[in-house]
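Chemist: Structure below; questions to follow.
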Amino acid sequence: MLSTLLILNPLSEQSLQRIAQDWQIVYAPTTQQRSAAIASHAEHIRAVLTIGSIGLQAREIAALPKLELICALGAGFENIDVAAARERGIVVSNGAGTNDACVADHAMGLLLATVRGIPQLGVALHQGIWRDALPLPPSVSGKRLGIVGLGTIGKQIARRAAGFDMAIGYHNRSMRNDVPFTYFATLLELAVWADFLIIATPGGAGTRHMVNAPVLDALGPEGFIVNIARGSVIDTAALAHALREGRVAGAGLDVYESEPLPPTELLDLPNAVLTPHVAGWSPESVAETVRLFLENSQRHFSGQPVLTPV
Ligand SMILES: NC(=O)c1ccc[n+]([C@@H]2O[C@H](COP(=O)([O-])OP(=O)(O)OC[C@H]3O[C@@H](n4cnc5c(N)ncnc54)[C@H](O)[C@@H]3O)[C@@H](O)[C@H]2O)c1
Ligand SMILES: O=C(O)[C@H](O)COP(=O)(O)O
């Protein structure tokens, strides 16, 4: 008989069918379904599949006596109560490395779109405005890129930026000895040096509002910022003020403090390019992260360690 898996994030029919070959699925992608599913199936659920933004709370873990494994499909796991899981000896894993290339592609796309003003130029063209009436957007190649958080995704961004002949600097929890890039011990120093900043840290308390008004002022009126990490890393009010006042030239953002609601204070700004938290999701990356989840769960329930523990 198949064991019971609680799935808390929306998934395509194709992914659900693949997972159903290995699991008895309880599918609860809405808040209402979630509490009802936990109440009805608590005695049977042995694993939970979720994502960073949806997470799994301590009281939900406490309500599931047979729970052994919690898996985040994506890279982020900021809303899974990992401490509560560890107390019970429950294993937590994520989808590290399954969507890093996709996120890095999206980050470079946001950088190019923001610096070159591609969406805004398209709107102007639709309004019949030709180039002579518009300011020339700056170049991207050869500029100084500061990467904040040089982990799996940050390194993929650096590889792509190298193809644009950029000088690469980074700020990380600690200096890495496996990269040739310039390390900056503080984010403020990196922001002073960089033309562009790309944020690629995890979310959560440790990075909350790391990018604040002083960092934005250090980046300066010709500087651009891209965030594919988590909305909480940037102080949104400070960013909106800086963009409005021209203290920063532009921002390309995929993630927001207000999720899943759109960022009202940024929507009407002409120098912000916004996408709805899709950087990591493509048919290819979803297939890969579902495959990794199935491999991790098969390993765990046959007594082996998962490949991507957190
Ligand atoms: N927008 C999206 O769709 C999307 C997709 C995937 C991942 N993400 C986000 O990107 C994050 C990073 O993913 P990853 O796989 O590269 O993780 P990772 O753990 O490999 O890398 C994170 C890096 O950030 C650094 N870091 C952590 N705290 C820091 C701090 N306070 N100051 C400076 N550096 C710090 C770490 O040292 C590490 O090098 C995820 O946690 C997730 O939140 C977003
Ligand atoms: O962390 C990730 O891989 C992506 O951001 C997707 O996760 P989320 O949808 O939980 O935020």
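The values are calculated or read from the model by the stated rules, or taken from the named source; none is laboratory data. The shown structure was predicted, so the numbers you read here are calculated from the model rather than taken from an experiment. For neighbour counting, all protein chains shown are included, and Cβ atoms are generated from backbone atoms with ideal geometry for every residue, glycine included. Only protein heavy atoms, including side chains, enter the accessible area calculation; ligands, DNA and RNA are left aside. Shrake-Rupley method; radii C 1.70, N 1.55, O 1.52, S 1.80 Å.
Chemist: Name every residue in region 10-47 that is part of a helix (DSSP H, G or I) and basic (K, R), in order of residue number. Full working, then the answer.
Modeler: Going residue by residue through region 10-47, those that are part of a helix (DSSP H, G or I) are 13-20, 31-41.
Correct list: R18, R34.
Chemist: Follow-up. Can you tell me which of (1) within 14 Å of ligand 1 (Cβ to nearest atom); (2) open to solvent by 40 Å² or more (accessible area, probe 1.4 Å); (3) of a type in the set (V, I, T) is the one V192 doesn't meet?
Modeler: All conditions pass for V192, except number (1).
Chemist: Please work out which residue is farthest from the chain's Cα centre (by Cα), limiting yourself to region 203-212 and to residues that are crowded, with 18+ Cβ neighbours inside 10 Å and within 16 Å of ligand 2 (Cβ to nearest atom).
Modeler: Here the answer is T207.
Chemist: Right, another one. Take region 270-291 and flag every residue that is part of a loop (DSSP other than H, G, I, E, B), within 14 Å of ligand 1 (Cβ to nearest atom) and open to solvent by 70 Å² or more (accessible area, probe 1.4 Å).
Modeler: Applying the first criterion (part of a loop (DSSP other than H, G, I, E, B)) to region 270-291 yields 270-271, 275-282.
Right, trim to within 14 Å of ligand 1 (Cβ to nearest atom) and you get 275-282.
Those that are part of a loop (DSSP other than H, G, I, E, B), within 14 Å of ligand 1 (Cβ to nearest atom) and open to solvent by 70 Å² or more (accessible area, probe 1.4 Å): P276, W281.
Chemist: Which of the residues belonging to region 68-92 are crowded, with 21+ Cβ neighbours inside 10 Å and within 13 Å of ligand 1 (Cβ to nearest atom)?
Modeler: The answer is A72, L73, G74, A75, G76, F77, I80.
Chemist: May I pose another question? Would you pick out the residues in region 53-77 that are closer than 17 Å to Q33 by Cβ and either touching a Ser or Thr at 6+ places or on another chain (Cβ under 8 Å) or within 15 Å of ligand 2 (Cβ to nearest atom) (or both)?
Modeler: S53, I54, G55, L56, Q57
Chemist: Starting from residues that are aromatic (F, W, Y) and within 10 Å of L5 (Cα to Cα), keep the ones in region 18-77 and report whichever is farthest from the chain's Cα centre (by Cα).
Modeler: Within region 18-77, the first condition is being aromatic (F, W, Y), and the residues that meet it are 23, 27, 77.
Those left that are additionally within 10 Å of L5 (Cα to Cα): 23, 27.
On the way: W23: 28, Y27: 24 Å.
This residue is W23.
Chemist: Can you tell me which residue is farthest from ligand 1 (Cβ to nearest atom) among those in region 19-38 that are in contact (Cβ under 8 Å) with a residue 12 or more places away in the chain and surrounded by fewer than 16 Cβ atoms within 10 Å (Cβ to Cβ)? Explain how you work it out, then say what you get.
Modeler: So in region 19-38, the residues in contact (Cβ under 8 Å) with a residue 12 or more places away in the chain come out as 19, 22-29, 34, 37-38.
Filter once more, keeping what is surrounded by fewer than 16 Cβ atoms within 10 Å (Cβ to Cβ): 22, 24, 29.
Details: D22: 24, Q24: 29, P29: 18 Å.
Among them, the one singled out is Q24.
Chemist: A further question follows. How many residues are in a loop (DSSP other than H, G, I, E, B) and closer than 25 Å to A75 by Cα if we restrict to region 187-208? Even if it seems obvious, please write down each step before you answer.
Modeler: So the first thing to find is which residues in region 187-208 are in a loop (DSSP other than H, G, I, E, B), and the list is 194-195, 200-204, 208.
Checking the rest, the ones that are also closer than 25 Å to A75 by Cα come to 200-204, 208.
The number of residues fulfilling the criteria is 6.
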